[in-house]
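A short worksheet on the structure shown next.
Laboratory data are not the source of any read-out in this text; all were calculated from the coordinates shown. In this text, all values refer to a predicted model and were calculated from it rather than measured experimentally. Positions of Cβ are backbone-derived with ideal geometry, glycine not excepted, and every protein chain shown enters the neighbour counts.
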Amino acid sequence: MVVVDGCGEGKFAKFTKPFQATCHAFISAKLAGTAQHSHLRAMPLMDRRNHLNSATQLLLAAVCGVPQQLLEDTKVLPQKGNLLRFPWYGKHGVGGAFVMGRCVYMSGHFFDRNNSVNGLKDDLSTLLLIAHEVGHLPHSARFPNNRLGQVQFIFWAAGIYVVSFLRNGGHWHRKAWIEQEADRGRWVLGKLITPLRATMERELLVPLRTNDVDAVNVWLIDRKALIAELHAAYPGWE
């Protein structure tokens with residue numbers, strides 16, 4: 001789960017924030033099964049079934065350390081993929097996402113290419129957000145991939161966030177250990193692409209969009225030693 005806009009600001013924010021993601025996920029767990037996903041239009045980095053495409057899976061497995069099977073099983077769906085349209089974020093916020101079961105639910109604008117102002121920026125922000133979210137898949141996979149397992153996961157995660165709130169106050173979300181674990185992929189990927197600002201479109205984003213597994217594999221092989229160094233150096237969510 002990740003909160004990246006101003007949701008929950010106000011007098012009682014420090015009391016309400018630790019429970020926003022939990023409430024969103026709880027109701028979604030009860031209602032997500034009623035939604036139909038076959039009509040949803042896939043965004044770049046995904047196939048027509050709303051799964052991450054093979055090239056993106058390959059990249060995320062390397063930078064996030066998430067088992068390939070979990071990535072293969074996971075769908076990425078817009079908030080309209082569940083009945084109550086979670087996550088709820090303001091129209092003027094940058095949006096966010098959360099993981100439930102084997103689904104990553106994302107703010108709808110990530111899927112709307114018609115509203116894209118800058119394709120490079122949009123695809124990069126999407127990729128970095130997904131790199132964080134799939135880091136939660138091993139946490140969700142501790143529980144059965146069914147309705148009961150989802151509820152168990154919610155209460156387990158809620159306990160972790162509450163303990164973090166008591167220890168860390170306003171930094172409860174970022175300092176929770178499951179968030180520290182989940183952010184590894186986003187941090188490693190961010191370090192890898194920082195030197196590539198001028199060539200990132202050609203070297204990485206185009207192969208990901210076109211599902212060019214061979215090109216992404218070569219890109220990763222060329223950076224294998226650096227990726228290992230970055231994993232060893234990961235300091236946690238800074």
Checklist entry - Quick one: if you stick a label point 7 Å off each Cα along the C-beta vector at ASP222 and LYS191, how many nm between them? => result 2.0
Item to check | Pairwise FRET efficiency - ARG167 versus ARG147, Cβ, R0 = 45 Å, nearest 0.05 | outcome: 0.90
Checklist outcome for this item: Taking a crude spin-label model, label points 7 Å out from Cα along the C-beta direction, the GLU201 to ALA233 distance in nm is 2.9
Checklist entry - How much net charge surrounds ASP212 when only other residues with a Cβ under 13 Å from its Cβ are counted (Lys, Arg +1; Asp, Glu -1)? => result 0
Item to check | Label-point separation, ASP47 to ARG174 (7 Å along Cα→Cβ), nm | outcome: 3.8
Next on the checklist: Let me make sure I get this right: for the range 130-174, a, b and c are the square roots of the gyration tensor eigenvalues over alpha carbons, sorted descending. Under 1.5 in a/c it's rounded, otherwise prolate if a/b > b/c, else oblate. Which is it?
Outcome noted: oblate
Next on the checklist: Neighbour counts of other C-beta atoms within 10 Å: give me ILE193, ILE160 arranged from fewest to most.
Outcome noted: ILE160, ILE193
